[in-house]
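Comments concern the structure below.
The numbers here are math on the coordinates, done by the rules we state, and not lab data. Note that the structure is a prediction, hence the values are computed from the model and not measured. No Cβ is skipped: glycine too gets one built from the backbone with ideal geometry, and neighbour counts run over all protein chains shown.
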């Protein structure tokens, strides 16, 4: 980032909060003073009110929960398959070729483009969303894990083999911890893909009521022209994104940074 | 890192918001330079399709560039009008009333028809005979949760079970043609669409579970509307369009053979005129430019919180050509 001169000796969090407050104030002023139709742009106060109403009656929590369930299910499946592919690739030539071919074919495909196909296969159900999320997460996990396995120090690997470690024990005992920085990077990338995919998929088809996630919440608000609720949905998506990024930062600090495998970012 | 990365985005968004400016209204003139007319698939738009096929608008206003668009739901058309990309739209009264309530600023040029909409159950669901037989996990396909199909279902749910939201969790938003496919693929147990899709589903063995007239009586299905700004700016154009819709309605009523011929031509002959004639003369379909049941529907929508206000009288929803007719 830009080299900011420390004229203001404030902690980062306070600086960010100030900046956000200023932006919110400009936004509010623009809506109130600019006489923008509330149909087009909701003011921060309207958004807060809409979010509060839907938090109180549990609408927003339920939508968030549904989205997270789809995301976590998809990511778990995707991450497991990604791991399996990368492990297979370490042990065999065929595995390596398979990984190369599959990633070459599927990685450039935005997995949301598979959704119409998933809808035919699995129907108008959360299953279709889980499927596309899994597909979005397999490749970043597989590629990064494979890369992590491949860049492990030769000495470490030879030492492990000398100790007689083979197969699964070699993976869990040596390869996994040694490749952890790459794996974390992979899962982080997978989360970024998966998160965008799950919201986009929910926007395309929604099951009303109980099974609807945040994408559906936004689309539903659009049906009813409740612009402030559209904004509220976006705010929740953004805040969750920030929280998860923070969670990854925390995990990294506790593991790879602490072990000196990666410098603090 | 994450917050720092977020800030430029927030700033860019704030900048974008500052650039977006509200609509302006220039002085009245004869005809617009270009006009986009949007409607949806289905028999309910026949009136507009006949106007399009006859090409008289294009002849009368040679300086205007016409763009006819077929979109798959009323919300898309309403959003297009808000964004200023569509000048003349057509759709059901649900999305229309919500847009009116939220201040889109549009009014009816003319209703086109009165249609009884059927909720059809799949042939292999013989146990679903009426609304009370619908299992809790059954999926009911509809164009959107604010469509007239959904509103009449809520009204019936309130009348019969005391809970207008009884079926809200069963509703799946799906466009009519896709819904017909989803029924065939057994992804939906029930589908509430419009003619001719409902007839096709019954021809495929499905049976009717519920009819929309049960909710509000004879009601307008589709209307043509435009913003008051556009109507004030181009009164000649809007009046001429009204006259064309009037002529097309007369043709549908008194000369269904010619109307069916034009509709068939609109599909490049893929659907025969004979088929169209059957659909446009069906028992549950009538061609009528008087608004029906708008006020009743709006009152119910207000009651269940879909609207914030109701029109005091029908004139609040109409452009002057309709002279306050209808309800």
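With Rg and the Kirkwood Rh both taken from Cα atoms, where does Rg over Rh land for chain B?
1.00
With a point put 7 Å past each Cα toward its Cβ, work out how far residue B:228 is from residue B:284 in nm, to one decimal.
My value for the distance between the label points is 3.6 nm.
Where does each of B:304, B:140 land when they are ranked from fewest to most other beta-carbon atoms within 10 angstrom?
Placing the least packed residue first, the sequence is B:304, B:140.
Give, in nm to one decimal, the length gained when the segment between residue A:92 and residue A:15 is fully stretched (0.36 nm per residue of separation minus the Cα-Cα distance).
The residue A:92-residue A:15 span can extend by a further 22.6 nm.
Would you mind computing Rg(Cα) / (2.2 N^0.38 Å) for the stretch A:101-222, counting N as its residues?
1.38
For A:261, B:183, B:306, what's the fewest-to-most ordering of other Cβ within 10 Å of each Cβ?
Details: A:261 16, B:183 25, B:306 21.
Arranged by neighbour count, lowest to highest, A:261, B:183, B:306 become A:261, B:306, B:183.
Return the Rg/Rh value of the stretch B:214-327, two decimal places, where both radii are evaluated on C-alpha atoms and Rh is the Kirkwood radius.
Answer for the stretch B:214-327: 1.03.
Would you mind computing, in nm to one decimal, how far apart the modelled labels at residue A:22 and residue A:162 are, each placed 7 Å from Cα along Cα→Cβ?
Between residue A:22 and residue A:162, the simple spin-label model gives 5.9 nm.
What is the helix-to-structure angle for A:214-223, meaning the angle in degrees between its Cα long axis and the longest Cα principal axis of chain A, kept from 0 to 90 and rounded to the nearest 10?
30 degrees
In percent, what relative contact order does chain B have, based on Cα pairs under 8 Å that are 6 or more apart in sequence?
Details: 573 pairs, mean separation 81.8, N = 327.
Computed over chain B, the figure is 25 percent.
Give me the percent of Cα-Cα pairs in chain A that sit more than 25 Å apart, rounded to a whole number.
Cα-Cα pairs in chain A separated by more than 25 Å: 58 percent.
Once you put a point 7 Å from the Cα of residue A:150 and another 7 Å from the Cα of residue A:104, both along the Cβ direction, what distance in nm separates them?
Distance between the two pseudo-spin positions: 1.3 nm.
What percent do you get for the relative contact order of the stretch B:118-211 when only Cα pairs under 8 Å and 6+ apart count? Spell out each step's value before the answer.
On the way: 150 pairs, mean separation 46.7, N = 94.
Taking the mean separation of contacting Cα pairs over the length of the stretch B:118-211, I get 50 percent.
With a Förster radius of 41 Å, plug the Cβ-Cβ distance of residue B:56 and residue A:113 into 1/(1 + (r/R0)^6) and report the FRET value to the nearest 0.05.
Working from the Cβ atoms, E equals 0.45.
Report the percentage of all Cα-Cα pairs in the stretch A:131-201 whose separation exceeds 14 Å, rounded to a whole percent. Don't skip to the end; give the middle numbers.
On the way: 1526 of 2485 pairs.
Result: 61 percent of Cα pairs exceed 14 Å.
Beyond 30 Å, how much of the Cα-Cα pair distribution for the protein assembly as shown remains, as a whole percent?
61 percent
How big is the stretch B:52-170 in terms of Cα radius of gyration and Dmax, in angstroms?
For the stretch B:52-170, the Cα-based Rg and Dmax read 18.4, 58 Å.
How large, in Å, is the stretch B:118-211 by the Kirkwood hydrodynamic radius built from its alpha-carbon pairs? Intermediate results must be reported in sequence, preceding the final value.
Working: mean 1/r = 0.0783 Å⁻¹.
Kirkwood radius, the stretch B:118-211: 12.8 Å.
For residue B:67 and residue B:30, FRET efficiency with R0 = 25 Å and r from the beta-carbon atoms, rounded to 0.05?
Once the sixth-power term is evaluated, E becomes 0.85.
Can you give the relative contact order of chain A as a percent, counting alpha carbon pairs under 8 Å and 6+ residues apart?
Computed over chain A, the figure is 23 percent.
Give me the base-10 log of I(q)/I(0) for the stretch A:155-265 at each q in 0.23, 0.24 Å⁻¹, Debye formula, one uniform scatterer per Cα, rounded to two decimals.
Each listed q corresponds, in turn, to -1.18, -1.23.
What is the distance in Å between the Cα centres of the stretch B:203-228 and the stretch A:45-73?
Taking the Cα centre of the stretch A:45-73 as reference, the centre of the stretch B:203-228 is 33 Å away.
Tell me, A:216, A:168 in order of fewest to most beta-carbon neighbours within 10 Å?
Working: A:216 26, A:168 9.
Listed from fewest to most nearby Cβ atoms, that is A:168, A:216.
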